[in-house]
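S.K.: First, the structure itself, so that you have it in front of you.
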């Protein structure tokens, strides 16, 4: 009965035109989601065919949005600005679950076993955790700092062993939550790490957590492999710099690039990337760029880093050679370059052009254009290969 | 109509017993193949459910076998010892193409765009290249060394930009083939690199290619980011060492582990791993192990390395802490541990036990057993997440 129903469901799919998803069996390793920020919709895309397969509407306020994927690479979890957590079925182009879990959220993560979805909230603050299949809430972690007040949380990432790390914006703390027993989360608190951590991220091996500070210069570093854990300050000149330029947009710290034993971080308020040596966490050089970097995205082999910029210089992309730390190619793909996502093995890169209502696909070796996809005010691009990565 | 559809669906299901694959749509990110070396068959497995979904027979001589995957993670390409190249459809558990392309082959690779399959041959030597969909031959690269003789090829890996690297066993050369124009392969030849390179591998960022030498001590290193390319000798004591132990099995050089800016290589003929610093390519320490290492496999976050051993100590696994370079856990899962494969984000690891006819699944954080799967003389285990990696 259940099998017959599934078979019938597959037949029904044949009635959905223009999706490319009705053909029956297909793999999911070459799929992705593109956020349409103004319309609360997402596109399902095929990175091999370089085409749109379907559109899903009713995903809420996507003016800030991010996505993680289930281990089978069938479901995408969209974290919207309105506190919405939406589970999208990429094979049927349908919403397979949605909860509005808070008043205002800023991002999420999926546990290493794929079973838990954690969401970082501005309002009411804290982190809430959901069953990845049912979206039922399974844990609530209020972020009450050493000052006794509830805090917004930012920079939420997953760690091995069903753990998550995040920063408390108001309290200036970094917490690690171990959810091996989800009914009794075990929290490790690092207090007094610095004023107003506004974003955080972890290296691709999930070892080094860094949080940028809005309330003072510098960055906080936690080496997750050390015991006991401790927060240490690095890059004390990071932030406003000697002669600050106006800051048009706080750079996403998730916008850094990791290449071998170096990180390239967007410099706050400056037309530069800062190279950091991940042995010493000292500065290892700077890259002069076209504008204030927003995202610095490494080609998967690390040979090049693609960089986009804040308004008003946001029509341009710089491509940086990571051996020489020089820009080797600069071009203007179109108005409002918001995001870049490489195919998993780095042969191509997708670029969202919000004000051109278009996503362009480039060859990552020759920089030649390979394809274009129409999209309504596209912002973030997320491919299913993210399901294979830790520290998302 | 509906009754007929149900009846037809039921009939279809009856024809495919015990596969779990007939239920219709499913993602492919959590699938894998297990080689059954004695019976020329492969199992299709689900890493989330920790179960077997189906068996495919007729895959030829799998006494030495490896697998790469298509970008959509639907198809696995099995390279057999008999020169067979078999395309397996993981969603239907059927052979979707097979050619016996040479007399004796040793491995293969898939181009970064997923369009070309390259196979490294002992007999007649050289590398042959096939269309990934049709398995039609599209290029033949005879490996004729500077000595004018045809050579066996080993250590074939993919590089960005539709390129492949491999070593010429007889000629002592390393070649890089650029197949951007597949009808006219462009070959870069590094000659006189050392005697009898028996295996080669590349770091996960596809930058550093290393080949082990059978004919002399030491290892050859090529930094693929430098121009012009050159081969340099490193680890001059690598190989037989001061007081050599009998070598029961040449370690697979693909059996190394890459962790941050270090590699852990199996030491030939010794009960040790050698740590190599990937800035200097100098030795950075040794790890004393239970036996002669065959595979050293890094947990995806690099915190631990799991090591199996050559006969007669092949019932044991050592788990090495990569910060301290000490064995922190040693256990004997069963007779003839042949291979280990981590789930993509490293929460679990699958271990093949040839002489127990079984694959065991362990929790990679607690080392607790999570499941067991029956298999006929299992050897290699390959998960579809390999489709997302360069330098396979």
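The values are calculated or read from the model by the stated rules, or taken from the named source; none is laboratory data. This structure is a prediction, so every number in the text was calculated from the model and none was measured. Here Cβ is always computed from backbone atoms with ideal geometry, including for glycine, and neighbour counts include all displayed protein chains.
S.K.: Would you mind stating whether residue A:69 is within 27 Å of residue B:26 (Cα to Cα) and in contact with a helix residue (DSSP H, G or I) (Cβ under 7 Å, 6 or more places away or on another chain)? Spell out how you get there, then give the answer.
M.R.: Details: within 27 Å of residue B:26 (Cα to Cα): yes; in contact with a helix residue (DSSP H, G or I) (Cβ under 7 Å, 6 or more places away or on another chain): yes.
Answer is yes for this residue.
Quick grid of which residues meet (1) in contact with a helix residue (DSSP H, G or I) (Cβ under 8 Å, 6 or more places away or on another chain); (2) in a loop (DSSP other than H, G, I, E, B); (3) closer than 16 Å to residue A:350 by Cβ:
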site	(1), (2), (3)
A:48	no, yes, yes
A:77	no, no, no
A:82	no, yes, no
A:97	no, no, no
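S.K.: Give me the residue from region B:174-214 that is within 18 Å of the chain's Cα centre (by Cα) and part of a loop (DSSP other than H, G, I, E, B) and, out of that set, surrounded by the most Cβ atoms within 10 Å (Cβ to Cβ).
M.R.: Looking only at region B:174-214, we keep the residues that are within 18 Å of the chain's Cα centre (by Cα), and these are B:197-212.
Right, trim to part of a loop (DSSP other than H, G, I, E, B) and you get B:203-207.
Numbers: B:203: 21, B:204: 16, B:205: 22, B:206: 26, B:207: 23.
Selected residue: B:206.
S.K.: Considering only residues that are touching a residue at least 24 places away in the same chain (Cβ under 8 Å) and surrounded by fewer than 18 Cβ atoms within 10 Å (Cβ to Cβ), look in region A:367-383 and name the one that is nearest to the other protein chains (Cβ to nearest Cβ).
M.R.: Start the filter on region A:367-383 by keeping residues that are touching a residue at least 24 places away in the same chain (Cβ under 8 Å), which leaves A:367, A:370-371, A:373-383.
So of that shortlist, the ones also surrounded by fewer than 18 Cβ atoms within 10 Å (Cβ to Cβ) come out as A:367, A:370-371, A:374, A:376.
On the way: A:367: 12, A:370: 10, A:371: 13, A:374: 23, A:376: 26 Å.
That would be A:370.
S.K.: Any idea which of B:93, B:102, B:132, B:109 is more than 30 Å from residue A:300 (Cα to Cα), crowded, with 18+ Cβ neighbours inside 10 Å, touching a strand residue (DSSP E or B) at 6+ places or on another chain (Cβ under 7 Å) and within 12 Å of chain A (Cβ to nearest Cβ)? Outline the logic, then answer.
M.R.: Numbers: B:102 fails: within 12 Å of chain A (Cβ to nearest Cβ); B:132 fails: more than 30 Å from residue A:300 (Cα to Cα); B:109 fails: more than 30 Å from residue A:300 (Cα to Cα).
Only one candidate qualifies: B:93.
S.K.: Something else about it: Given B:50, B:6, B:55, which one is modelled with pLDDT of 95 or more, within 14 Å of another protein chain (Cβ to nearest Cβ) and surrounded by fewer than 22 Cβ atoms within 10 Å (Cβ to Cβ)? Break it down stepwise before answering.
M.R.: Working: B:6 fails: modelled with pLDDT of 95 or more; B:55 fails: within 14 Å of another protein chain (Cβ to nearest Cβ).
Step by step, each of B:50, B:6, B:55 is checked, and only B:50 is modelled with pLDDT of 95 or more, within 14 Å of another protein chain (Cβ to nearest Cβ) and surrounded by fewer than 22 Cβ atoms within 10 Å (Cβ to Cβ).
S.K.: Where the second residue is part of a strand (DSSP E or B) and surrounded by 15 or more Cβ atoms within 10 Å (Cβ to Cβ) and the first is modelled with pLDDT under 70 and lies in region B:229-245, which pairs have Cβ atoms under 9 Å and are six or more apart or on separate chains?
M.R.: Cβ pairs passing all conditions: B:239/B:212; B:239/B:213; B:239/B:219; B:241/B:272.
S.K.: Further question: If residue B:164 satisfies every condition in (1) surrounded by fewer than 20 Cβ atoms within 10 Å (Cβ to Cβ); (2) within 14 Å of chain A (Cβ to nearest Cβ); (3) in a strand (DSSP E or B) but one, which is the exception?
M.R.: (1)
S.K.: Name the residue that is modelled with the highest pLDDT, counting only residues in region B:367-392 that are under 19 Å from residue B:255 (Cα atoms) and in a loop (DSSP other than H, G, I, E, B).
M.R.: B:389
S.K.: Identify, please: which residue in region B:58-90 is on the phi > 0 side of the Ramachandran plot and surrounded by fewer than 24 Cβ atoms within 10 Å (Cβ to Cβ) and is, among those, farthest from the other protein chains (Cβ to nearest Cβ)? So that I can check it myself, show each step before the final result.
M.R.: Looking only at region B:58-90, we keep the residues that are on the phi > 0 side of the Ramachandran plot, and these are B:58, B:60, B:73, B:83.
If we keep only those that are surrounded by fewer than 24 Cβ atoms within 10 Å (Cβ to Cβ) too, we end up with B:58, B:60, B:83.
On the way: B:58: 21, B:60: 24, B:83: 26 Å.
Among those that are on the phi > 0 side of the Ramachandran plot and surrounded by fewer than 24 Cβ atoms within 10 Å (Cβ to Cβ), it is B:83.
S.K.: Out of the strands (runs of 3 or more DSSP E) lying entirely within region B:299-366, which hold 1 or more residues that are more than 14 Å from chain A (Cβ to nearest Cβ), out of contact with any helix residue (DSSP H, G or I) (no Cβ under 7 Å at 6 or more places or on another chain) and over 28 Å from residue B:53 (Cβ atoms)?
M.R.: Working: elements: B:304-309, B:317-321, B:326-331, B:337-342, B:348-353, B:358-363.
Where strands (runs of 3 or more DSSP E) fall fully within region B:299-366 and carry at least 1 residues being more than 14 Å from chain A (Cβ to nearest Cβ), out of contact with any helix residue (DSSP H, G or I) (no Cβ under 7 Å at 6 or more places or on another chain) and over 28 Å from residue B:53 (Cβ atoms), they are B:304-309, B:317-321, B:326-331.
S.K.: Collect the residues in region A:140-157 that are closer than 14 Å to residue A:194 by Cβ and part of a strand (DSSP E or B), keeping them in residue-number order.
M.R.: A:154, A:155
S.K.: In this structure, is residue A:276 more than 25 Å from residue A:361 (Cβ to Cβ), buried (at least 24 other Cβ atoms within 10 Å of the Cβ) and more than 19 Å from the chain's Cα centre (by Cα)?
M.R.: Details: more than 25 Å from residue A:361 (Cβ to Cβ): yes; buried (at least 24 other Cβ atoms within 10 Å of the Cβ): yes; more than 19 Å from the chain's Cα centre (by Cα): yes.
Yes: the conditions hold for residue A:276.
S.K.: If you check residue A:172 against the conditions, is it free of Cβ contacts under 8 Å to residues at least 12 places away in the same chain and away from chain B (no Cβ under 14 Å)?
M.R.: Taking the combined requirement at face value, the residue does not satisfy it.
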